[in-house]
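Notes follow the structure.
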Amino acid sequence: QVQLVESGGGVVQSGGSLRLSCAAAGNMFSIYTMGWYRQAPGKQRELVASITSGGTTTYADSVKGRFTISRDNAKSTVYLQMNSLKVEDTAVYYCNGRFFAQNYWGQGTQVTVSS
C-alpha cells in the first residue's frame, strides 16, 4: 500500500509559477511510474506529466515547455514545476503512482490561476 500526499497548490497570477510536491509513504517508491493528473470543473481527468522509474518523462502537449516533472527517490517524492501558468491550467492536480496492477492516487491539490 502506498499513500500519496500532495502539497504546493494555491492561487497564482497568470504567468506565475508553482511547484507541486507529492510525498509517498510506503515501500519501493523507486519502482513506480509517477504521474500528475488534473481535473478542471466539468472536464475529465487528464494526464499532465509522468516519469518512469528510469526517469523517462512524458508531457501533455498543453504543458510542454512550461511544466517539468522530476523525482527524488531518496525522498520518495515527485515534483511538478509549473512555469508560465495560464488561466486554463486551473484545476485540481492529483498525484498518481502505478506499478502493473497497483494504482494509487493522492487526495488532490487545487491550483488556481487568475488573469
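The values are calculated or read from the model by the stated rules, or taken from the named source; none is laboratory data. Because the structure is a prediction, the values reported are computed rather than measured. Counting neighbours? That spans all protein chains shown, and the Cβs are built from the backbone with ideal geometry, glycine included. These area figures cover heavy atoms from the full protein model, side chains too; ligands, DNA and RNA do not enter into them. Shrake-Rupley method; radii C 1.70, N 1.55, O 1.52, S 1.80 Å.
Descriptive notes on the structure:
- Contact order normalised by residue count of the chain, Cα under 8 Å, 6+ apart, percent: 36
- On region 33-105, 48 percent of the accessible area sits on carbon and sulfur atoms, based on a 1.4 Å probe.
- For region 24-115: accessible area per residue (Å², 1.4 Å): 52
- Here residue 64 is the anchor, and the aspartates and glutamates within straight C-alpha reach of less than 15 Å, apart from those fewer than 8 places off in the same chain, are 46, 88, 89.
- Residue of 17, 53, 62 that the Gaussian network model of the chain assigns the largest fluctuation, springs spanning Cα pairs under 10 Å: 62
- Whole-Hz Karplus values for region 109-115 come out as 9, 7, 10, 10, 10, 9, 8 Hz, taken residue by residue from phi with 6.51 cos²θ - 1.76 cosθ + 1.60 and θ = phi - 60°; glycine and proline positions read x.
- Backbone N within region 97-115 under 15 Å of label point (7 Å from residue 5 Cα along the Cβ vector): 106-109
- Within the listed set 64, 86, 43, the Gaussian network model of the chain (springs between alpha-carbon atoms below 10 Å) gives the highest mean-square fluctuation for 43.
- 3J(HN,Hα) along region 62-77: 5, 10, 4, x, 10, 10, 9, 9, 8, 9, 10, 5, 5, 9, 6, 9 Hz, from the Karplus curve 6.51 cos²θ - 1.76 cosθ + 1.60 with θ = phi - 60°, whole Hz, x for Gly and Pro.
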